[in-house]
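Novice: Mind having a look at this structure? Questions to follow.
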Amino acid sequence: MVDVVCDNFTALLPRIEQCIRECDFVAVDTEFTGLHATSEDEVSLFDTMEQRYGKLKKFAEKFIICQLGLAMFTNDAKSTYKYVAHSFNFYVCPRPKGNMDVRFSFQASNVDFLCDHNFNFNKMFYEGVHYLSSRQEKLVRAEDESLDDK
């Protein structure tokens, strides 16, 4: 498994994209800073699509992904029953950009879980791959364009 952080992201990106293009299937795993804003926000099998969306939207607005795992599996040409896996572990953390300063929460039980499983918080905060949501990206691009016009 390869840890992907700010310093090696650009160098690893072509290899990651190639693995995705050539694989037979992909497995995705995420770690979040929390799971439920309140106990009422827990999803249920009996939720309508609208209810589930509303609950997940609250969750996504409050907590962030702090680690993303991708594993690309390719059938081994020498054996029908074997797969070769290429695994990448992305530490991610939003950073302030222009007027954009992201706020997010941690849930104590999630911190305990992450600590129990040796999650590296220093790597997340100091080396994590920076990102913006698509909405934030539009705002930053508009801000950059207005500065270019001056």
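Novice: If the Cβ limit is 6 Å and pairs must be 6+ apart or interchain, which residue in segment 82-97 that is at negative phi and modelled with pLDDT of 95 or more pairs with which residue that is hydrophobic (A, V, I, L, M, F, W, C) and part of a loop (DSSP other than H, G, I, E, B)?
Specialist: Partner pairs satisfying both residue conditions: S87/M1; N89/M1; Y91/V5.
Novice: List the residue pairs whose Cβ atoms are under 9 Å apart, where the first residue sits in segment 1-23 and is surrounded by 12 or more Cβ atoms within 10 Å (Cβ to Cβ), the second is among the polar types (S, T, N, Q), and the two are 6 or more positions apart or on different chains.
Specialist: Filtered contacts from segment 1-23: V2/N8; V2/S87; V2/N89; D3/N89; D3/N120; V4/N89; C19/T74; C23/T74.
Novice: Those residues that are assigned to a helix (DSSP H, G or I) and either under 15 Å from N99 (Cβ atoms) or among the hydrophobic types (A, V, I, L, M, F, W, C) (or both), I need them from segment 126-141; list them, please.
Specialist: Start the filter on segment 126-141 by keeping residues that are assigned to a helix (DSSP H, G or I), which leaves 126-127, 134-141.
Answer for segment 126-141, where residues must be assigned to a helix (DSSP H, G or I) and either under 15 Å from N99 (Cβ atoms) or among the hydrophobic types (A, V, I, L, M, F, W, C) (or both): R135, Q136, E137, K138, L139, V140, R141.
Novice: Still on this structure, please answer the following. Just to verify a result, which residue in segment 67-86, among those that are buried (at least 18 other Cβ atoms within 10 Å of the Cβ) and touching a Phe, Trp or Tyr at 6+ places or on another chain (Cβ under 7 Å), is nearest to F125 (Cα to Cα)?
Specialist: Applying the filter and picking the extreme gives Q67.
Novice: Can you find a residue in segment 127-139 that is of a type in the set (V, I, T), closer than 18 Å to C66 by Cα and in contact with a Gly (Cβ under 7 Å, 6 or more places away or on another chain)?
Specialist: Scanning segment 127-139, I find no residue that is of a type in the set (V, I, T), closer than 18 Å to C66 by Cα and in contact with a Gly (Cβ under 7 Å, 6 or more places away or on another chain), so the answer is no.
Novice: A further question follows. Suppose the filter is touching a His at 6+ places or on another chain (Cβ under 8 Å) and in contact (Cβ under 8 Å) with a residue 12 or more places away in the chain; does F125 pass it?
Specialist: Details: touching a His at 6+ places or on another chain (Cβ under 8 Å): no; in contact (Cβ under 8 Å) with a residue 12 or more places away in the chain: yes.
Criteria not met by F125.
The values are calculated or read from the model by the stated rules, or taken from the named source; none is laboratory data. This structure is a prediction, so every number in the text was calculated from the model and none was measured. Heads up, the Cβs are rebuilt from the backbone with ideal geometry, glycines too, and the neighbour counts pull from every protein chain shown.
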